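Below is one structure, written out as structure tokens; comments come after it.
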Amino acid sequence: MTALSFLTDIESIAPTPILVAPQPVLRAVAREVTADDMALVKSHLPGMFSAMYKAPGIGLAAPQIGLGLRFALVDVADDGERNPLVLINPEIIDESEQLAAREEGCLSLPNQYAEVIRPLSVRLRYRTLDGAIEEMEADDLLATCIQHEIDHLDGILFVDHLSKLKRNMIMRRLAKEQKGR
């Protein structure tokens, strides 16, 4: 049985609630995951994957569910397919000079989108669920998603990459929508 075997029954798993900005944990720097934290990390994965897939989203970081630990989920596979990644203590060790603009959204800023400019490709180092240290190259959508999720682990939201005017417009619109719920 693998650590992600629950994914075969993901539709029957209750999604973990996702926090919406301006929750303070979304602005805090998450602490590194230690060996002692692994059982806690693994216990949150089913609900986190369920929340991410049901949203639908392509990434979810632990602070978005109120957990101040450095891990995130990513899955940019096309509909009907799955390619789940769990990134523990991820760090970008290299990035391309070439930049790319891509429209981003965030499960913690529902229905808000803006174009963000980031490096087109990155080289990433992270721990796997079994504790191994891995490195991977990512480009295009996967690179954007990984950078977005690592930003969450550092207390940064995608709107922080925008002008103050655009950021304030989005945050006001979000507050208004949340008040109307």
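The values are calculated or read from the model by the stated rules, or taken from the named source; none is laboratory data. Here the structure is a predicted model, which is why all the values come from computation and not from measurement. Glycine also receives a Cβ, built like all others from the backbone with ideal geometry; neighbour counts cover every protein chain displayed. With ligands, DNA and RNA removed, areas are computed over all heavy atoms of the protein, side chains included. Shrake-Rupley method; radii C 1.70, N 1.55, O 1.52, S 1.80 Å.
In the chain, once you exclude exposed GluC sites (Glu not before Pro) (DSSP loop, at most 15 other Cβ within 10 angstrom), what's the longest stretch remaining?
98-181
May I ask which residue of PRO110, HIS161, LEU141 lies farthest towards the positive end of the charge dipole of region 94-181, with charges of +1 (Lys, Arg) and -1 (Asp, Glu) on Cβ and the Cα centre as origin?
Of the listed residues, the answer is PRO110.
At 222 nm, what value in deg cm²/dmol follows for the chain if DSSP H runs of at least 4 each add -39500 (n - 2.57) and the sum is divided by all its residues, to the nearest 500?
My calculation for the chain gives -8500 deg cm²/dmol from helical runs alone.
Nearest 20 debye, what's the magnitude of the dipole of region 71-179 about its Cα centre given +1 on Lys and Arg Cβ and -1 on Asp and Glu Cβ?
That gives region 71-179 a dipole magnitude of about 920 debye.
Could you list which residues have their amide H under 5 Å from that of LEU120, counting only those 5 or more apart in sequence or on another chain, with H placed in the peptide plane?
Answer set, sorted by chain and number: SER96, GLN98, LEU99, ALA100.
Quick check: at a probe of 1.4 Å, how many percent of the accessible area of region 112-181 sits on carbon and sulfur atoms?
50
Per residue, how many Å² of accessible area does region 16-75 show with a 1.4 Å probe?
Per-residue accessible area for region 16-75 comes out at 41 Å².
Hey, in the GNM for the chain with a 10 angstrom Cα cutoff, which one of LEU109, LEU40, LEU141 fluctuates hardest?
The residue that fluctuates most here is LEU40.
Based on the alpha-carbon gyration tensor of the chain and its eigenvalue square roots a ≥ b ≥ c, which shape applies: rounded if a/c is under 1.5, prolate if not and a/b is larger than b/c, or oblate?
Oblate, since a/c reaches 1.5 and b/c is not below a/b.
Taking 0.36 nm per intervening residue step and subtracting the Cα-Cα distance, what contour gain separates ARG123 from GLU97 on full extension?
In short, 8.1 nm is gained.
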